[in-house]
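The values are calculated or read from the model by the stated rules, or taken from the named source; none is laboratory data. Remember, predicted model here, so these are calculated numbers, not experimental data. As a convention, Cβ positions derive from the backbone with ideal geometry for all residues, glycine included, and neighbour counts pool all protein chains shown. Side chains included, ligands, DNA and RNA excluded: accessible areas come from the protein's heavy atoms. Shrake-Rupley method; radii C 1.70, N 1.55, O 1.52, S 1.80 Å.
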Amino acid sequence: YRQMLAQREIRAQLERLGAAGAQAVYYSVDVRDAAAVARVLTEVRQRYGVIRGLIHGAGVLADRRIEDKSGEQFDAVYSTKVTGLRNLLGALANEKLKVIALFSSYTGRFGRIGLVDYVAANEVLNKIAQQESRRRPDCRVVSVNWGPWNGGMVTPGLRKVFEQEGVGLIEPGDGAAFLVREICS
């Protein structure tokens, strides 16, 4: 059911982008698999030409206190962000990228109970962004420490937790506009 809903959401978004005049394509790949990432990016280059930008927003959640979290759960959360980014950057090492935008989280700075893996992964993304900005001086590199978005990984139950804590949710349109301004500044 969740997979069906996700596919429906992807198709709807691609249709919205197309209606707005954008040409958008969607590839599904496990970013933790370096060979699969390389294959997809090779296909993208062959079909569309050089790659000039990377937006990395991959993430999964497995909220549990550290003593209740399995090694597999930790690895799935941490490696989706960190190994995924390293695989993408490795496959794009020879590209003259103009922009790298990473979706990090304020939890990397402030923490949150049950998110030790997510916290660590986001702070590593911040540090990788610093390294990439030095390594690629002609590339705009940002790591945005987002708060929670109204959708995506914020389930209705989690939405209630944020509301109780007084933490506002970022509307997708507002977040997208902010990202564009941040990239272009």
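Which FRET efficiency value, to the nearest 0.05, do you get for residue 150 and residue 30 by plugging their Cβ-Cβ distance into 1/(1 + (r/R0)^6) with R0 = 30 Å?
On the way: r = 27 Å, r/R0 = 0.88.
Once rounded, the FRET efficiency stands at 0.70.
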### With every protein chain in place, the chain: carbon and sulfur % of accessible area (1.4 Å)
54 percent
### Most mobile of 63, 174, 117 in a GNM of the chain (Cα contacts under 10 Å)
174
### Query
Non-local amide H neighbours of residue 56 (under 5 Å, H modeled in plane, Pro and chain starts lacking H): which ones?
101, 102, 103
### Relative contact order (%) - region 91-183, alpha-carbon pairs under 8 angstrom, separation at least six
30 percent
### Task
Calculate the length of the line joining the C-alpha centroid of region 18-66 to that of region 114-140, in whole Å.
18 Å
#### Entry: Helix 34-48 axis, angle to the chain major axis (alpha carbon atoms, nearest 10°)
50 degrees
### Query
At residue 106 and residue 3, where each label point lies 7 Å from the Cα along Cα→Cβ, what is the point-to-point distance in nanometres?
3.5 nm
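Over the chain, what is the mean sequence separation of C-alpha contacts under 8 Å (at least six apart), divided by residue count, expressed as relative contact order in percent?
Numbers: 209 pairs, mean separation 34.7, N = 185.
Contact order relative to length: 19 percent.
Rounded, prolate or oblate: which one fits region 48-185, using the alpha carbon gyration tensor with axes a ≥ b ≥ c (rounded when a/c is under 1.5, else prolate when a/b beats b/c, else oblate)?
Values: a/c = 2.23, a/b = 1.44, b/c = 1.56.
Here region 48-185 falls in the oblate category.
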## Note on the structure
For region 74-91, in residue order, the Karplus 3J(HN,Hα) values (coefficients 6.51, -1.76, 1.60; θ = phi - 60°; whole Hz; Gly and Pro = x) are 4, 4, 4, 5, 5, 6, 4, 7, 7, 5, x, 5, 4, 5, 5, 5, x, 6
### Summary
Counting sequence-distant residues (5 or more places) and residues on other chains, those with an amide H built under 5 Å from that of residue 150 are 170, 171
### Query
How about residue 69: which lysines have a C-alpha closer than 18 Å to its C-alpha, ignoring those fewer than 8 places off in the same chain?
81
### Query
In degrees, nearest 10, range 0 to 90: what is the angle between the Cα axis of helix 156-165 and the longest Cα principal axis of the chain?
70 degrees
### Query
Where both partners of a DSSP beta bridge lie in the chain, what percent of those bridges are antiparallel, to the nearest 5?
0 percent
### Query
Any idea of the accessible area per residue across the chain, 1.4 Å probe, to the nearest Å²?
61 Å²
### Query
Is the shape of region 117-185 rounded, prolate or oblate, going by the alpha carbon gyration tensor and its root eigenvalues a ≥ b ≥ c, with a/c under 1.5 for rounded and a/b larger than b/c for prolate?
oblate
### Message
Using a 7 Å offset from the Cα along the Cα-to-Cβ direction at both residue 12 and residue 73, what is the distance between the two label points in nm, to one decimal?
### Response
3.0 nm
### Task
Just report the Cα centroid separation between region 164-185 and region 69-106, whole Å.
21 Å
### Query
If R0 is 45 Å, what FRET efficiency do you get for residue 140 and residue 65 from their C-beta distance, rounded to 0.05?
0.75
### Query
Given the options 106, 118, 48, which has the most mean-square fluctuation in a GNM of the chain, springs set between C-alpha atoms less than 10 angstrom apart?
48
### Message
Compute the angle between helix 116-135 and the longest alpha-carbon principal axis of the chain, please, reported from 0 to 90 degrees and rounded to the nearest 10.
### Response
30 degrees
## Note on the structure
Any aspartates and glutamates whose Cα falls less than 16 Å from that of residue 160, other than same-chain ones fewer than 8 residues away, would be 63, 171
